[in-house]
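See below for the structure under consideration.
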Amino acid sequence: MSDTLRLVAAQLNFWVGDIEGNVEKIIAAAVRARDELRADLIAFPELALLGYPPDDLLLRSGLPPAVEAGLERIRRETNGIHVVVGHPEYDEEGIYNAAAIFRDGQLVRRYRKRLLPNYGVFDEKRHFLAGRSACVFDLKGVPVGLCICEDIWGTRPADESRDQGARLMININASPFAIGKSKQRADVLRARATETRLPILYVNMVGGQDDLLFDGDSHAVRADGSVSFRAPTFEEDLYLVEFGDGELRGPVHEPSPPEAVVYRGLVQSVRDYVNRNGFPGALIGLSGGIDSALVAAIAADALGADRVWGVSLPSRYTLDMSNDDARIEAEALGIRYSVLPIEPTVLSLGQTLAETFRGRAIDITEENMQSRARGVLLMALSNKFGHVVLTTGNKSEMAVGYATLYGDMCGGFAPIKDVYKTLVFQLARYRNSISPVIPERVLTRPPSAELRPDQKDSDSLPPYEVLDPILEAYVEDSRSISEIVAAGFEEAIVKRVAGLVRRSEYKRRQAPPGPKVTRCAFGRERRYPITAVYGDL
């Protein structure tokens, strides 16, 4: 038996469906781990060969032979090192979420994931069958147990690996990011390690995939549950971890502040969405407000200033300081900047509808026409130049429907749709701590849609410091109105907010995708009926 095993956690970004590109990346990483890091084993994340989550792509008839060809190439071209690679496995019974272990052109073992998550963002039982057996393989005289993601959240897979003689566990993952998720993972690993008295190496992927984010956060724990290795979040790299004297050891990166982690995640999501979908750049309607300023900063950091186009779309109600702040933001970021006044478009719409609207008072319809005029202009630019429109609505607005269908909701990706307004302010201040790109008065003046004279968000909504905790309780925790009121909130406000959330489901269903950062995001995770009567449940 070797005195020390050298293990590599491949915290890498894999594109869903790009089997050829993923195979190239796997082989290159294995060669680097062998030659530069002198590793005995490299472990890749869950379903690395295909990317995660593949959803119904798994059902395409051409996928099984493509998967087998990819695995065959990895088997042939990765000698001198154990390679653990996640992949879908097809047989006559169905599809398994599996991992293969290769060494010197040989398949050492194959493992099938046993615990299939079917909650939150996960829908694995739709596609996969559950495996039945533990997996323990020999690595230079050390029995090593292998399991996949959810397996470590239960007890049986790790227990059975221990019972079969494992002295070390490797757990490969595609675990999505959410605020507080890192602590949950650490708690689970600590529990499994102390129960089994086995050290555990946890390997997770990094990257953005539609409405999911993968933060990496790969780490290792000793048999007593204490952390002995931690990779930085949202950083793609190979990380060397040594196993000797029954203990895993590697670099321990201190966790970053929550705002820094969320901001890096949003940058990752925009970069991957825009690049993977082949857009040359991104368009943003710059209002001079904090939401569009934050989205512009995220986009510039994700893509580079030369690929971001900020467009000011002022109306008669847009304040001079809003126009000034939009220009200042664009100049500070170094992005392209244009001004397209919407007044001619709004007047034309008004003239077209004047006879039909005769005798009816001006109301929110005219406000929404302004927002929709902006949407038409941004989408016209998108069609002509190919840039994707990034919408700027936040979670607080999306929750209560404070957004205009086919107006400010127009676009292809919504970077902050799962970010509460109070967190928007925190993220903006964090970004300004790196370099000042958002004027201070944008951070301090009352938020406004500027669709009528002297309008403020607080005219239509409770203050965000009241609204956001109510939304968190109602949306993320599924608390009843009586429970939220018992927590200290005014009953009339809670009932109003809950009603707005319910009535706005049809709007959210038509919103573009955006990255999940909270415990319960609209869309893939929170799936409520549009047409339903459920009152104050």
What does the C-alpha gyration tensor say about the overall shape of the stretch 26-175? Classify as rounded when a/c is under 1.5, otherwise prolate if a/b is larger than b/c, or oblate.
oblate
Prolate/oblate/rounded label for the stretch 433-494 (Cα gyration tensor, a/c 1.5)
oblate
For the stretch 287-368, give the magnitude of the charge dipole about the Cα centre (Cβ charges: +1 Lys/Arg, -1 Asp/Glu; no others), in debye to the nearest 20.
260
Candidate values (1) 86, 51, 47; (2) 72, 61, 58; (3) 73, 63, 45, label of the one derived for Cα extents along the principal axes in Å
(1)
Return one whole number: the accessible area per residue of the stretch 49-198 in Å², for a 1.4 Å probe.
40
How far is helix 290-303 tilted off the main Cα axis of the chain, in degrees rounded to 10, range 0 to 90?
40
Measure nothing fancy, just the Cα-based angle from helix 258-276's long axis to the longest principal axis of the chain, in degrees from 0 to 90, nearest 10.
90
Kindly identify the stretch 377-486 as rounded, prolate or oblate by the Cα gyration tensor criterion: order the square roots of the eigenvalues as a ≥ b ≥ c, call it rounded if a/c is under 1.5, otherwise compare a/b with b/c, prolate if a/b is larger, else oblate.
prolate
Note the full-extension length gain between Asn277 and Asp138 as 0.36 nm times their separation in residues minus their Cα-Cα distance, in nm to one decimal.
45.9 nm
Checked against a 28 Å limit on the C-alpha separation, the offending pairs among Lys456/Lys507; Lys113/Lys183; Lys25/Lys507; Lys183/Lys495 are Lys25/Lys507; Lys183/Lys495
Treating only Lys and Arg (+1) and Asp and Glu (-1) as charged, each at its beta carbon, one finds that the stretch 360-512 has a dipole about its Cα centre, in Debye to the nearest 20, of 560
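I'd like the antiparallel share, as a percent to the nearest 5, of DSSP beta bridges with both residues in the chain. Could the numbers behind the result be given before it?
Details: 42 of 73 bridges.
If we restrict to bridges inside the chain, about 60 percent are antiparallel.
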With each pseudo-label sitting 7 Å past Cα toward Cβ, what's the Asp536-Ala354 distance in nm, one decimal?
4.9
Taking Cα atoms, how many degrees apart are the long axis of helix 343-357 and the longest axis of the chain, rounded to 10 and kept between 0 and 90?
70
Considering the dipole of the stretch 447-537 built from charges on the beta carbon (Lys and Arg +1, Asp and Glu -1) around the Cα centre, which of Leu500, Ile484, Val533 is farthest to its positive end?
Val533
Loop only per DSSP, at most 12 neighbouring Cβ atoms within 10 Å: give me the GluC sites (Glu not before Pro) in the stretch 1-85, ordered by residue number.
Glu36
Taking the Cα centre as origin and putting +1 on Lys and Arg beta-carbons and -1 on Asp and Glu beta-carbons, what dipole magnitude results for the stretch 66-193, to the nearest 20 debye?
480
Tell me, what is the 1.4 Å probe accessible area of Ile364, in Å² to the nearest 10?
100
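The values are calculated or read from the model by the stated rules, or taken from the named source; none is laboratory data. Quick caveat, the model's predicted, so the values are computed rather than measured. FYI the Cβ positions are ideal-geometry reconstructions off the backbone, even for glycines, and counts take in every protein chain you see. Each accessible area value is taken on the protein alone, full model and side chains, heavy atoms only, with ligands, DNA and RNA left out. Shrake-Rupley method; radii C 1.70, N 1.55, O 1.52, S 1.80 Å.
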